[in-house]
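To start, the structure itself, in C-alpha cells.
The values are calculated or read from the model by the stated rules, or taken from the named source; none is laboratory data. What you see is a predicted model; the values in this text were computed from it and never measured. Cβ atoms come from the backbone with ideal geometry, glycine included; neighbour counts cover every protein chain shown. Protein only, heavy atoms only, side chains kept; ligands, DNA and RNA dropped before computing areas. Shrake-Rupley method; radii C 1.70, N 1.55, O 1.52, S 1.80 Å.
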Amino acid sequence: AGIGKCVAMDLARRNARTILACRSRERGQAAVEEIRAATGNPAVVLRLLDTSSLASVRAFASAVLREEPRLDVLVNNAGVTGLPFAITSEGLEETFATNYLGPFLLTNLLLG
C-alpha cells in the first residue's frame, strides 16, 4: 500500500520485472494482481519478506541472488511507527530492526 505500491506500479508500467517484497501473502498477492491488471505487465511477482527478522532478510536476499539474473534498483520502503515496545525472536527491538537493521542488511547482502 502507499508509496511502495505507487513505486511498484510505476516500475511495472515501465515494463520492469518488479518484485514486491511483502510481509503479508494475502495483501501482497492482491497488490501483485492489481499492478498486473493496471499495467499489463505479467512480470510482477511476490516474495515474502519481514525486515524485522534478519533470518527472513537473509533468506529473501539468498533467493533473489539465486533466482534473478540481475538487480538494477532496490527500493527500501518498509517501515513501521507507533508500535508498542517489543523484542524480536532474535533479541532486537522490533521497530529498530524493521526500519533500520533489516533494510541495511538487505542492501548489503544484495550488493554482491
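Here are a few things to note about the model shown:
- For beta carbons closer than 8 Å, sequence separation of 6+ or different chains, a first residue in segment 57-71 that is β-branched (V, I, T) and a second that is surrounded by fewer than 18 Cβ atoms within 10 Å (Cβ to Cβ) and not in a loop (DSSP other than H, G, I, E, B), the qualifying pairs are V57/L105; V57/L109; V64/R47; V64/L110.
- Residue in segment 39-72 that is surrounded by the fewest Cβ atoms within 10 Å (Cβ to Cβ), counting only those that are in a loop (DSSP other than H, G, I, E, B) and under 12 Å from the mean Cα position of the chain (by Cα): D50
- Of the residues A78, A21, the single one that is of a type in the set (A, V, I, L, M, F, W, C), touching a residue at least 40 places away in the same chain (Cβ under 8 Å), open to solvent by less than 80 Å² (accessible area, probe 1.4 Å) and assigned to a loop (DSSP other than H, G, I, E, B) is A78.
- Checking each residue in segment 89-112 for being in a helix (DSSP H, G or I) and either touching a strand residue (DSSP E or B) at 6+ places or on another chain (Cβ under 8 Å) or acidic (D, E) (or both) picks out only E94.
- For segment 81-101, taking the residues that are of a type in the set (A, V, I, L, M, F, W, C) and surrounded by 14 or more Cβ atoms within 10 Å (Cβ to Cβ), the one that is farthest from G112 (Cα to Cα) is identified as L92.
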